[in-house]
1. Specify the angular offset, from 0 to 90 degrees and rounded to the nearest 10, of the alpha carbon long axis of helix 80-93 from the longest principal axis of the alpha carbons in the chain.
2. How would 80, 103, 74 rank on accessible area, largest to smallest, probe 1.4 Å?
3. Accessible area, 1.4 Å probe, largest first: how do 274, 18 sort?
4. Pairing the Cα long axis of helix 109-122 with the longest principal axis of the chain, what angle in degrees results, from 0 to 90 and rounded to the nearest 10?
5. When a/c reaches 1.5 or more, the comparison of a/b and b/c decides; with that in mind, is segment 88-167 rounded, prolate or oblate per its Cα gyration tensor?
6. Taking amide H positions as placed in the peptide plane 1.01 Å from N, state which residues far from residue 180 in sequence (5 or more) or on other chains have amide H under 5 Å from it.
7. Can you pull the percent of the chain's accessible area that's carbon plus sulfur, 1.4 Å probe, other chains left in place?
8. Please enumerate, by chain and number, the aspartates and glutamates with C-alpha under 13 Å from the C-alpha of residue 77, excluding those fewer than 8 residues away in the same chain.
Amino acid sequence: DGEFFSLLGPSGSGKTTCLRMIAGFERPTSGSIELHGIDVSGQPPFEREVNTVFQDYALFPHMTVEQNVAYGLKVKKVGKDELAHRVRSALEMVRLMGLEARKPGQLSGGQRQRVALARALAVQPQLILLDEPYSALDPVLREGLRAEVARLIRSGGRSALHVTHDPDEAFAVADRLIVLGRGVLLEDGPPQAVYDAPQSLESARALGRLNELPVMVSAGIARGAGFEWAVKFKDGPATLAWRWEHGVIGATGIPVTLERLTPLRGSRLAIWQCADQHLVAPTTTANIGSRAYLSVSPQNLLVFHH
């Protein structure tokens, strides 16, 4: 209860299928779905205390904002006075008062997203499902709106399950994070803990930009890319990985050549050539073509055996 929960994974990992089963649009072939201890696996969507904010918002184009928000309440046969009160409260919550008579085609993308959220909040569900609701919005609007949506849901004491393939989005709003890969649960925990210590290379990749180096471990030494690391891991082929922000350019480490600089949120990332692959590190004052060395502290290295 009260948790903002994110389900993260690449396309095809099973995120939306999972969400659709919880919503009641798909039937599970095995297992059960329980809401507050009650098995709802056989219930149709409209009988579940769940409401979904879809990726395309799924607003009725011929209805006004007010009619769209009221629709779910009418289906549930809420009384006229209570219906009017809930619609007004939901629109106030998402700051859309004054736009009640407009139709979706007269609204911006951000306004349509808020109408969809108001419709979900108005029926006071136990659980709100968010199916990549910001993917159609521009980056600036997306960042502001996702924080606002999380605030609105938490302020109402609701729980939310948020599906996304964007790790930045999940980290920005989630209290708890699950990573899915090919229908398998790979990670489950607080976002920072999952980010710092992923259990597999697949989940590490899903959690954000990652540098990877293939190495061979033998007698406590990992060799690859013209460099050697002393490691406490079993012998055999492995992948050394680390987050781009943990790389340090200096006088020792992996020999690299600066290939290009690319902007990132007001800063720059340095793209370094290393043998036949690229490594990413924080911004640098070096010139294109400069040679240097890239090092990573042992505590920031992730090791995945093949």
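The values are calculated or read from the model by the stated rules, or taken from the named source; none is laboratory data. These numbers were taken from a predicted model, which means no experiment stands behind them. Here Cβ is always computed from backbone atoms with ideal geometry, including for glycine, and neighbour counts include all displayed protein chains. For accessibility, only protein heavy atoms count, side chains too; no ligands or nucleic acids. Shrake-Rupley method; radii C 1.70, N 1.55, O 1.52, S 1.80 Å.
1. Value to nearest ten degrees: 30.
2. Descending order: 80, 74, 103.
3. 18, 274
4. 60 degrees
5. oblate
6. 8, 9, 186
7. So the carbon and sulfur contribution to the accessible surface is 52 percent.
8. Cα-Cα hits under 13 Å: 47.
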